[in-house]
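Encoded as structure tokens, the structure appears first; notes follow it.
Every number here is computed from the coordinates shown, using simple stated rules; none is lab data. Here the structure is a predicted model, which means the values were calculated and not measured. As a convention, Cβ positions derive from the backbone with ideal geometry for all residues, glycine included, and neighbour counts pool all protein chains shown.
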Amino acid sequence: MVNESAASPNGYVQPSVDVKALTALLDGEYGGIRDLVRTNLTKHASVLEDAERLGLDAFRDRVRDVVVEMAATGQTGMGFPQAHGGGGDVGASIAAFETLAFGDLSVLVKTGVQFGLFGGAILHLGTERHHEAYLPRLITGELMGCFAMTETGHGSDVQALRTVARYDQDTAEFVITTDGDQARKDYIGNAARHAELAVVFAQLEVGGEQEGVHAFVVPIRVDGAPAPGVRIEDDGRKMGLNGVDNGRIWFDGVRVPREALLNRFADVTPEGAYHSEIENPGRRFFTMLGTLVQGRVSVAGAAINASKVALTIAVKYAARRRQFTAASDSEEQLLLDYGTHQRRLLPLLARTYALHFAQDVVRGRLHDVFTADTDDDLARRELESRAAGLKALGTWHATRTVQECREACGGAGYLAVNRFAALKADSDVFTTFEGDNHVLLQLVAKGMLTHHASAFEDLDQRGMVRYVANLAIETLIEKTAVHKLLERVRDLLPGGDEWDQEAGLLDSEYQLAMLRFREEHMLTGLARRLKRGVDQGGPPGLVFSQVQDHVIAVASAHVERLVLEAFVERVRGLPDGDEKVALGLLCDLFALCTIEDDRAWFMEHGRLSVQRSKTMRREVNDLCRKVRAVAVDLVDAWNVPKPMLRSPELLG
């Protein structure tokens, strides 16, 4: 902690950061549950070493034991109903999972599979008969399960799964069958060694009619051996997360009772009559998947917290490691005093803080949607879009941050004992599971283009293209109000259209207006491209394929704007003081780096002159110098338990 504020020659007063106060601000209302997780992580810190010294099966068992022991403290069951032994607090469950990412990520993912995916599917897709039968033992870890959705031939395209569940009216059973090797369930966590049950997603067939994808509870082991008709193979060693037993599953006519159908949204009578209150199959399918959105929210938070671990190590190392003698000094210089090193680490520090506050918003909305007395379709769709977008940006950020921090620590960062090897290997797959990031950003763009229209769930890519093509583009422009945003940005700058005039780069209204303009301009441009392609006779699927680069760009711009809005709003709501000043520096640094990273686009569209771009670069460098003085305090405020840093070669 900086002991006292000091005025620089130019009159700038450096804030003095109260680390404990900032930790309390970051932990928010869930400080108690986060501290419980920190305590549990410290208690089981040896699992970080076990990952390197134990064999594959032994480490998998060790991870399972840690997960079960943590479950006994209540940290993993916070999101389940109190009536079944849980904590009854969805927001607390996400906060606990986020904090768990400070530790071994195999433990994190094993926890996510057991309580988030397997348990979440039973909770949200099942009804009371399933809750009573499974939740009490599931919450304690006594009953282990897996989430069998992904197939070898169909990953992101869940609607096209080929596992089949046919209803046999004579026996009132569903018969689960794997329709060829492409339909085998693959990469399924907990499947290879520990799961007794699986929530299996399959195409439901009743009386010869196809009813779409539904979920079933299916035993896959009996007394530790594969159940009759079930074949299980181990996926073997992976790039990382080897404490999680991923496996492949085949089903050969496996029979389960009619009650095995998770029937919150649809059911089959003993006589073989299918019924659902949601008549449209597409809407029913997306409603089912929408209840599982907390998985994406959890992964986003975990990725952000993994970034915090990497940055804590790299920043603290750079604040103690000296290298090269400055011309005016006989003592070697600290790495963190070099401008290049500041440029490498401190914008990532600012972005991590920005994503933290954006995650706070999504977690809060998830809690509100899941605890509301009535369903709000629009709120649910907006939550799904935000969760998808933040998961994409948060996990890409983690991959980039871990790599940059490893490089910033030189050769020592390459040693396994210094944590980066495990962080890099274990977090890399975050960009892929719970939805491939590029596919998720297409979902975000779809919502933007259709404005979450009532037909949202019914629109595949072709349908979305037709929907947009049939809109009057002028109507879309009016809805997105590009012209109003343009005027708003111009009002912030003297000289009207003279965008190269000096203006307040550190004005949050200017920063927000720039990101809003980029987003809306990209969106209307995408709509025009889609409409032009259809008007020229192009097949909708081909038209969409040809603009996918634009789709990803507009979705990314949209999410970055939401992230900045969350950061700005959080800083504005703070009482005046040093913490507000420090977070304000980070907010400005994040905003200007975001604009700077895409300055070619802003220059192409007349929003940024060459001179202003140069001014922005100087301003970013100045912000980095200011943040450098409190950088160690800012990473200490994350309160990563010291045993989780595990970097004796870097931190002493």
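Results, tabulated for the structure shown:
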{"quantity": "C-alpha center-to-center spacing [segment 616-652, segment 60-129] in angstrom", "calculated": "31 Å"}
{"quantity": "Taking the chain and dividing mean pair separation by its residue count, relative contact order in percent (alpha carbons under 8 Å, at least six apart)", "calculated": "15 percent"}
{"quantity": "Segment 214-286: GluC sites (Glu not before Pro) in DSSP loop, at most 14 other beta carbons within 10 Å", "calculated": "E271, E277, E279"}
{"quantity": "Cα-Cα pairs of the chain separated by more than 38 Å (percent)", "calculated": "37 percent"}
{"quantity": "Residues of type aspartates and glutamates that K20 reaches as a straight line, Cα spacing below 18 Å, ignoring anything fewer than 8 places off in the same chain", "calculated": "E4, E29, D35, D576, D578, E579, D633, D636"}
{"quantity": "Amide H within-cut-off set for A198, under 5 Å, with H built and near neighbours excluded", "calculated": "C146, V218, I220"}
{"quantity": "Angle between the chain longest axis and helix 508-535 axis [Cα atoms, degrees, rounded to 10]", "calculated": "50 degrees"}
{"quantity": "Structure-based [θ]222 nm, the chain - -39500 (n - 2.57) summed over DSSP H runs of at least 4, per residue, nearest 500", "calculated": "-17500 deg cm²/dmol"}
{"quantity": "Computed E for T42/Q169 - FRET, C-beta separation, R0 45 angstrom, nearest 0.05", "calculated": "0.20"}
{"quantity": "Quotient of C-alpha Rg and 2.2 N^0.38 Å, computed over segment 328-441", "calculated": "1.42"}
{"quantity": "Segment 221-324: Rg to Rh, with Rh as the Kirkwood radius over Cα pairs", "calculated": "1.20"}
{"quantity": "Over segment 265-311, equivalent-ellipsoid semi-axes from the Cα gyration tensor in Å", "calculated": "39, 10, 5"}
{"quantity": "Cα-centre dipole for the chain with unit charges at Cβ (Lys and Arg positive, Asp and Glu negative), debye to 20", "calculated": "1420 debye"}
{"quantity": "Against the rule of thumb 2.2 N^0.38 Å, how large the Cα Rg of segment 497-585 comes out", "calculated": "1.52"}
{"quantity": "For segment 44-57, Karplus couplings with θ = phi - 60° (6.51, -1.76, 1.60), whole Hz, Gly/Pro x", "calculated": "10, 4, 5, 5, 5, 7, 4, 4, 9, 9, 8, x, 4, 5"}
{"quantity": "Karplus (6.51, -1.76, 1.60) ³J(HN,Hα), θ = phi - 60°, over segment 290-300, in Hz, Gly and Pro reported as x", "calculated": "x, 5, 9, 5, 4, x, 5, 4, 5, 5, 4"}
{"quantity": "Length-normalised contact order of segment 101-153 in % [C-alpha pairs under 8 Å, at least 6 apart]", "calculated": "38 percent"}
{"quantity": "Dipole in debye (nearest 20) - segment 236-293, about Cα centre, beta carbon charges: Lys, Arg +1; Asp, Glu -1", "calculated": "380 debye"}
{"quantity": "0 to 90° range, to nearest 10: angle between helix 482-491 axis and the chain longest Cα axis", "calculated": "20 degrees"}
{"quantity": "Per-peptide average of other Cβ atoms within 10 Å, ordering 574-584, 87-97, 346-356 highest first", "calculated": "346-356, 87-97, 574-584"}
{"quantity": "Shape call, segment 117-268: gyration tensor on alpha carbons, a/c limit 1.5", "calculated": "oblate"}
{"quantity": "Amide H within-cut-off set for L204, under 5 Å, with H built and near neighbours excluded", "calculated": "A165, E211, G212, V213, H214"}
{"quantity": "Cα gyration tensor shape for segment 157-242, rounded if a/c is under 1.5, else prolate or oblate", "calculated": "oblate"}
{"quantity": "From phi via Karplus (6.51, -1.76, 1.60), per-residue ³J(HN,Hα) for segment 64-69 in Hz, x at Gly/Pro", "calculated": "4, 4, 5, 4, 5, 5"}
